[in-house]
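Trainee: Pasting a structure below so you can have a look.
The values are calculated or read from the model by the stated rules, or taken from the named source; none is laboratory data. For clarity, every value in this text was computed on a predicted model and none was experimentally measured. When we count neighbours, we look across all protein chains shown, and the Cβ atoms used for this are built from the backbone with ideal geometry, even at glycine.
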Amino acid sequence: MSKAKVLVTGVAGFLGSNLLERLLKEGHSVVGIDNLSMGLRSNIEFAAANKRFRFIEADAMEPEAFEEVGNDIDVAVHLAAFKIPRYGKAIDTLKVNYYCTENVLDLARERKIKCVLASTSDVYGRNPKVPFAEATSDSVIGSSLSPRWAYAVSKLFDEHLALAYQDAYGFPVTLLRFFGSYGPKQPLSWWGGPPPVFINAVLKDEVIPIHGDGMQTRSFTYVTDTVNGIYAAITRDEANGEVLNIGNDEEVTILELARRIKKASGTPGELKVEFIPYASFSGKKYEDVMRRVPDTTHSQKILGVKAVVSLDEGLKKTIAWQREAIRKPMAATA
């Protein structure tokens, strides 16, 4: 792919800002949209003086946000999303993810350009058969009475909408299902998942809150591996029309994650954990996923990349970054 002009929504967020760095490094130009509700301006300060980057502070839910983008965009990468209905805000989750995606797809339709859409491993739901393969693993979604599934449902709808747009209007889409990304520039709250919360607790010698009994498993992917997958999806025509897992297939329990973080931190004392019952979440029955592991065979074939950073290596790098980040006032706002 020759040097392209790439639109990135959610550019000031965790993945957006890391992708921005990679795109600029490779010589591409970037137009970024972010309303800074969760993203941080400090995440993109490194690119402020770069003539190949233009930032638009706007809400991707509003069609007007895309009027300043210009007519010379080659690829649209949609990363902006809302994702934590376990704490309420299911309406935000459903509406933000729908309207933002529709606006990006409408832009891609009008310009006849490729659209790379961020989805999530959560779309596999509570399917007990791991590892999850894109073409053969069913989405097993729990009861609508549990708002916990709002995020998964919103992203499944986004996937179907994107593929319907592709079929109806003839432009290519690529859907990326992310598995547990973590690393520098991650939010330091639950918005960033367990790693930043656990790291904060360990560095401050506080108790790590673990939901349930900690025996549920996840696969965590260091951010450079995630970005390598996104970049390959942008630049490779083979990815057009594909649904692809982006993740590390190293499976670990949440309790073991806490232990690994404690060890990687090199902090003194014993590991401190507190098990938080699911019933405490908003007073409603919360359903967790007991195992979540990607089958990356197909994505490796299509994208030509795979996750190479081990969990222990990635945690050491992330802890080193987070030691500095928690000293900065802006880091705690996301």
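Trainee: Restricting the search to the stretch 288-334, which residues are at pLDDT below 95, crowded, with 18+ Cβ neighbours inside 10 Å and outside any helix (DSSP H, G or I)?
Mentor: Once the filter is applied, which keeps residues that are at pLDDT below 95, crowded, with 18+ Cβ neighbours inside 10 Å and outside any helix (DSSP H, G or I), the stretch 288-334 yields Val289, Ala334.
Trainee: So which residues in the stretch 230-247 are among the β-branched types (Val, Ile, Thr) and crowded, with 24+ Cβ neighbours inside 10 Å?
Mentor: Ile230, Ile234, Ile246
Trainee: Also, quick follow-up: So, in the stretch 1-44, exactly how many residues are closer than 19 Å to Tyr182 by Cα and among the small types (Gly, Ala, Ser)?
Mentor: 7
Trainee: I would also like to ask the following. Which members of the stretch 297-330 meet the condition of being of a type in the set (Val, Ile, Thr) and either more than 20 Å from Asp225 (Cβ to Cβ) or touching an Asp or Glu at 6+ places or on another chain (Cβ under 6 Å) (or both)?
Mentor: Ile302, Val309, Ile326
Trainee: Give the residues of the stretch 223-260 that are touching a Phe, Trp or Tyr at 6+ places or on another chain (Cβ under 7 Å) and either more than 30 Å from Lys272 (Cα to Cα) or assigned to a helix (DSSP H, G or I) (or both), sorted by residue number.
Mentor: Val223, Thr226, Asn245, Ile246, Leu257, Ala258
Trainee: Still on this structure: Go through (1) surrounded by 24 or more Cβ atoms within 10 Å (Cβ to Cβ); (2) under 30 Å from Lys328 (Cβ atoms); (3) out of contact with any strand residue (DSSP E or B) (no Cβ under 6 Å at 6 or more places or on another chain) one by one and return the number of the condition Ser37 breaks.
Mentor: (1)
Trainee: Next question. Can you name the condition, by its number, that Leu145 falls short on among (1) surrounded by fewer than 22 Cβ atoms within 10 Å (Cβ to Cβ); (2) assigned to a loop (DSSP other than H, G, I, E, B); (3) of a type outside the set (Ser, Thr, Tyr); (4) touching a strand residue (DSSP E or B) at 6+ places or on another chain (Cβ under 9 Å)?
Mentor: Only one criterion is unmet by Leu145, namely (4).
Trainee: May I pose another question? So Val130 passes all but one of these: (1) surrounded by fewer than 21 Cβ atoms within 10 Å (Cβ to Cβ); (2) out of contact with any Lys or Arg (no Cβ under 6 Å at 6 or more places or on another chain); (3) among the β-branched types (Val, Ile, Thr). Which condition number does it fail?
Mentor: The failed condition is (2).
Trainee: Okay, moving on. Taking the conditions exactly as written (under 18 Å from the mean Cα position of the chain (by Cα) and of a type outside the set (A, V, I, L, M)), does Gly39 satisfy them or not?
Mentor: Yes: the conditions hold for Gly39.
Trainee: On to the next question. Among the residues of the stretch 301-319, which ones are among the hydroxyl-bearing types (Ser, Thr, Tyr) and under 14 Å from Val252 (Cα atoms)?
Mentor: Residue satisfying the conditions is Ser310 alone.
Trainee: Continuing with the same structure: Being more than 14 Å from the chain's Cα centre (by Cα), hydrophobic (A, V, I, L, M, F, W, C) and surrounded by fewer than 16 Cβ atoms within 10 Å (Cβ to Cβ) is the filter; apply it to the stretch 162-221 and report the residue that is farthest from Glu270 (Cα to Cα).
Mentor: Out of the qualifying residues, it is Ala168.
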